[in-house]
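Take a look at the structure below.
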Amino acid sequence: MTSAKTLFQGRPFWMNGLMLFCFYMTFIYMPFDLFYKTVAGDQEVWFGFLLTGWAAKLTEPLHWLIYALGSFGFLKMKSWMWPWAAVYVLQVAISMFVWALVDPRGGGVLFGAVAALPFVLLAVFLLKNKQQFSH
């Protein structure tokens, strides 16, 4: 059995945060989203465009797969996570920016840039830490 201390060794704190986020999405949120949330209440965002209803429900398994792969990849620090974790996080940054432009609730260019910036920085950190992904 792996102890909590061992579980978090070998990666920077922010990468442990990403791993925990992937665990949460894989084991708590995505099962709730897929199996409990109604089709009428379902929403998913892909590349900045909001999908609702059946379009959202049918794309949830792909989000679940992405988070499951992230969970496993960060847990085992798999080499294939580089550069794919950074690519996905950069896609989230682009999505935040696009959503701010195309959705009436988005807030426009400035809000989009501010919302995207942390994800761009996170993508840079992931790209600069190739040596972490060695298994």
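Could you run through region 59-72 and say how many residues are in contact (Cβ under 8 Å) with a residue 40 or more places away in the chain and not polar (S, T, N, Q)?
Qualifying residue count for the region: 3.
Tally up the residues in region 1-45 that are under 13 Å from the mean Cα position of the chain (by Cα), among the hydrophobic types (A, V, I, L, M, F, W, C) and exposed (fewer than 15 other Cβ atoms within 10 Å of the Cβ), please.
1
Report yes if some residue within region 81-88 is modelled with pLDDT of 95 or more, farther than 28 Å from LEU51 by Cβ and out of contact with any Cys (no Cβ under 7 Å at 6 or more places or on another chain); otherwise report no.
yes
Just to be sure, is VAL87 surrounded by fewer than 16 Cβ atoms within 10 Å (Cβ to Cβ), on the phi < 0 side of the Ramachandran plot and outside the structural domain of PRO31 (by TED's automatic domain parsing)?
It is true that VAL87 is surrounded by fewer than 16 Cβ atoms within 10 Å (Cβ to Cβ), on the phi < 0 side of the Ramachandran plot and outside the structural domain of PRO31 (by TED's automatic domain parsing).
Looking for something touching a Gly at 6+ places or on another chain (Cβ under 9 Å), β-branched (Val, Ile, Thr) and surrounded by fewer than 15 Cβ atoms within 10 Å (Cβ to Cβ) - is there at least one such residue anywhere in region 46-56?
Yes, that holds for at least one residue.
The values are calculated or read from the model by the stated rules, or taken from the named source; none is laboratory data. Everything numeric in this text was worked out from a predicted model, so none of it was measured. Positions of Cβ are backbone-derived with ideal geometry, glycine not excepted, and every protein chain shown enters the neighbour counts.
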